[in-house]
Amino acid sequence: MAKNVLKLENVTMQFGGVVAVNDLSLEVNEGEIIALIGPNGAGKTTAFNCITGVYEPTNGRISFNGETMLENCPHGKMKKLYAGTNAGKFTKVIRKTPDVITKMGIARTFQNIRLFKTMTVLENVLVACHMFVKTGVVFSMLGLGKKEEAAMRQQAMEYIRFMGLEDVADEIAANLPYGKQRHLEIARALAARPKLLLLDEPAAGMNPQETAELMELIRRIRDEFNLTVFMIEHHMDLVMGISDRIYVIDFGKQIAEGTPVEIQNNPAVIAAYLGEEEEA
Amino acid sequence: MSKKKKNIINICLLAALFVVLFVLEQTLSGGSMLLTVLKKGAIYALIACSMNLLNGFTGLFSLGQAGFMLLGAYTYAIFTIPVEARADVYQYFDGGIIQFTLPVIVAIILAGIVAALFASLIGMPVLRLKSDYLAIATLGFAEIIRAFMMFEGLGPITNGSNLLKKFPTFSTILFPFAVAGVCIALIVMLINSSYGRAFKAIRDDEVAAEAMGVNLFKHKQTAFVISSFFAGIGGALLAMYQSTVQANAFKSAMTYEILLIVVIGGIGSITGSILASFLYIASSEWWLRFLDETAFIGSFQVPLLRSGFRMVVFSIIIMVIVLFYRQGIMGTREYSLDALLRFFKNLPAKIKSIGKKKKGEDAAASEEVQ
């Protein structure tokens, strides 16, 4: 049995009266490529935001490499409002902030590209290297971090080269074409040296050929950096072609889990995507 | 041009600047407007750069600059008044309770440290606020500090609402230039370091910065404390320039002045802040002075020119800048030797093209007439 990297237990995320993610439990094992799919508004990105600490889940536990990152139980105002299940299962409140979670080894990309727009491609990647900096602020101010800076630049250039962005390394990020911006997001996430990479719709807006290239790229990333990949995607060609396992959610609830073949033939999934067949 | 060669040329330019300043000081009389502008401009340049570090590079809209300057100015003044003069300065408070003096440089650094200390205390609650709320909170803090400094109960230390005076000032114009120069160099070094990039990342996108492992609070706090440190030093220099200090002078209007300099220079450009501060000080102290004085042409009194009109003109300039030149002088560009050379190389062509355009227009107009 492979070691599991990421584990979600009964995670529920509720905004006011809306339950965006409902009792979601899933496991991602080391070295796997896992996809999370579902119709629009199913709560996929919300699930990602819970994992990375952007949102505090209303109930449930999320652990990474066996260490609990986030745990919550309905408290305060949510005690009355809570509409999910397993309300009494968790008792502790543990909340790590997104930067701590990134330092633990989870990096992500964003569905609606969020680059540092005024900075160059190289600088964007360097920001992700910043958390490994050992030189203190005062020493940097006195210009004593030059050696470390040079090493950092070299390292950042490696990620940039890997993603095929070396000829635009000094361009301002906002001026890049859309596809390259997506690549830069991945380069930046890789520079955070994660063990688990979360990709939020990496193929959004790409044509079939680019999607095929991306598929190859994701495989290469996993093999070269020894990563585990967890992604949200709508392109079924990509999802079916690359995933080891797929989780399907609809209205925040998990409706299926399995290999691509199993998912393709699952009646609940077909119903969620195409609607129920009307009975005559 | 190689990097080494460029560095040498830059150092030569810097040395030339100091030589020019020295010569100016030797040749011009003490009351010369140019010297006054240069002195005050250098001090404001430092303070504007410190504000730019916070507002322009880290994206924190803070309006507490006057408060930190006040802390710096007071710290400097309190610790450098000679012991013999204390009885006279603190005449209502039996000579005050501090009966020792510190060397000037130590007092200046202490001024920065005191401002930084206060910043770290205030930063804890205040930096969790966003945009406008942060501005209001910091503005409020600056006003509280000002009121607090005038509190009679603190008289033995701060001399209450009375003037602090008789502390050492600078005798040469090179002093404020040297101190401001060193401080600005430190700020530039910080901005170009990994921390500077993290600050810019926070400005561009907080969520993404945090997702890339940048601890938001820690970095905002760092920027806030460092900015305040240099504002404190700027305050100490300002105290030396004015040779007296009174809390009442550090009103929020002072913060707005500096904000104006930052905006005119370009939010996110240190070079812009420096240029703009000299320009601003020169116009407000010198070039636009005539607007405040009633003038006569023959026996005809020029309308509008009277005390306070300068401020009206200033407001109009600000509006024009905000409406049409939002980028300021420099935008986010910085000084580099290449850019400077290119600028001078293209200058004749530019002037020519303006001339040509005019001629072209004239020609077109005359054709139309025919």
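Please compute the length gained on full extension between B:GLN242 and B:LYS4, using 0.36 nm multiplied by the number of residues separating them and subtracting their Cα-Cα distance. Please report the intermediate quantities before stating the final value.
Details: separation 238, 0.36 × 238 = 85.68 nm, distance 4.04 nm.
Result: 81.6 nm gained on full extension.
Considering every residue in B:198-210, what mean count of other chain Cβ atoms within 10 Å of its Cβ is obtained?
6
Using only Cα atoms, locate the centre of the stretch B:300-358 and the centre of the stretch B:53-128, then give the distance between them in Å, rounded to an integer.
One Cα centre to the other: 36 Å.
Under 11 Å from the Cβ of A:GLN181, count the other residues' Cβ atoms, weight Lys and Arg +1, Asp and Glu -1, and hand me the total.
Once positives and negatives cancel, what remains is +3.
Roughly what percent of Cα-Cα pairs across chain B reach past 29 Å?
Of all Cα-Cα pairs in chain B, 50 percent lie more than 29 Å apart.
Looking only at the protein assembly as shown, where both bridge partners belong to it, what percent of the DSSP beta bridges are antiparallel (to the nearest 5)?
The antiparallel proportion sits near 65 percent.
Among A:GLY60, A:LEU122, A:MET141, whose Cα lies farthest out toward the positive end of the dipole of the stretch A:44-186, if unit charges sit on the beta carbon of Lys, Arg (+1) and Asp, Glu (-1)?
A:GLY60
Between B:LEU17 and A:ALA151, what FRET efficiency follows from the Cβ-Cβ distance if R0 is 25 Å, with the result rounded to 0.05?
The pair B:LEU17/A:ALA151 has a calculated efficiency of 0.10.
Whose amide H sits under 5 Å from the amide H of A:THR120, counting only residues 5 or more places off or on another chain, with H placed in the peptide plane?
When sequence neighbours closer than 5 places are left aside, the close amide H contacts are A:ALA173.
If you average the sequence gap of Cα pairs under 8 Å that are 6 or more apart and divide by the length of chain A, what percent do you get for the contact order? Could the numbers behind the result be given before it?
On the way: 520 pairs, mean separation 69.9, N = 280.
That works out to 25 percent.
³J(HN,Hα) across the stretch B:324-335 via Karplus (A = 6.51, B = -1.76, C = 1.60, θ = phi - 60°), whole Hz, x for Gly/Pro?
Running phi through 6.51 cos²θ - 1.76 cosθ + 1.60 with θ = phi - 60° gives 10, 10, 4, 6, x, 5, 10, x, 10, 6, 10, 5 Hz.
Give the peptides B:208-217, A:111-120 in descending order of average Cβ contacts within 10 Å, highest first.
Ranked from most to least packed, the peptides come out as B:208-217, A:111-120.
Would you kindly state how much longer the chain becomes between A:ALA271 and A:ASN226 on full extension, computed as 0.36 nm times their sequence separation minus their alpha carbon distance, in nm to one decimal?
Once the chain is fully extended between A:ALA271 and A:ASN226, it gains 12.6 nm.
Using only Cα atoms, find the angle between the long axis of helix B:337-369 and the longest principal axis of chain B, and express it within 0 to 90 degrees, rounded to the nearest 10.
Relative to chain B, helix B:337-369 is tipped by roughly 50 degrees.
In what order do A:GLU32, A:GLU262 fall by count of nearby beta-carbon atoms within 10 Å, going from fewest to most?
Ascending number of Cβ neighbours within 10 Å: A:GLU262, A:GLU32.
Quickly work out the B:LEU154-to-B:THR27 label distance, labels modelled 7 Å from Cα along the C-beta direction, and quote it in nm with one decimal.
Taking the two extended label points, one gets 4.6 nm.
What value, in deg cm²/dmol to 500, does the helix sum -39500 (n - 2.57) over DSSP H runs of n ≥ 4 give at 222 nm once divided by the residues of chain B? The partial results should precede the final answer.
Details: 15 runs with 253 residues, N = 370.
When only DSSP H runs of four or more count, the value is -23000 deg cm²/dmol.
Could you tell me how far the Cα centroid of the stretch B:195-252 sits from the Cα centroid of the stretch A:205-280, in Å?
With the stretch A:205-280 and the stretch B:195-252 each reduced to a Cα centre, they are spaced 47 Å.
Rank-order A:122-128, B:248-254, B:43-49 by packing density, defined as the average count of other C-beta atoms within 10 Å over each peptide's residues, highest first.
Going by the mean number of other Cβ atoms within 10 Å, highest first, we get B:43-49, A:122-128, B:248-254.
Can you tell me the FRET efficiency between B:ASN192 and A:HIS75 if r is taken as the Cβ-Cβ distance and R0 is 41 Å, rounded to the nearest 0.05?
On the way: r = 45 Å, r/R0 = 1.10.
After rounding to 0.05, the efficiency reads 0.35.
Viscosity 1.306 mPa s, temperature 10 °C: Stokes-Einstein D of the stretch A:118-214 from its Kirkwood Cα radius, in µm² per second?
Answer, rounded: 110 µm²/s.
Provide B:LEU186, B:LEU17, B:LEU174, A:LEU184 in ascending order of the number of other Cβ atoms located within 10 Å of each residue's Cβ, fewest first. Before the final figure, lay out each step's value.
Working: B:LEU186 19, B:LEU17 12, B:LEU174 15, A:LEU184 25.
Listed from fewest to most nearby Cβ atoms, that is B:LEU17, B:LEU174, B:LEU186, A:LEU184.
At a Förster distance of 60 Å, what's the computed FRET efficiency of B:ASP94 paired with B:THR294, Cβ-Cβ distance as r, to 0.05? Walk me through the numbers on the way to the answer.
Values: r = 47 Å, r/R0 = 0.79.
Efficiency for this residue pair is about 0.80.
Pulled fully out, how much extra length does the chain show between B:LEU347 and B:GLN301, if you take 0.36 nm times their separation in residues and subtract their Cα-Cα distance?
Values: separation 46, 0.36 × 46 = 16.56 nm, distance 4.02 nm.
Contour length minus Cα-Cα distance gives 12.5 nm.
Every number in this text was worked out from the coordinates using simple rules, so none of it is lab data. The structure displayed is predicted, hence computed values, not measured ones. Reconstructed Cβ throughout: ideal geometry from the backbone, glycine too, with neighbour counts over all protein chains shown.
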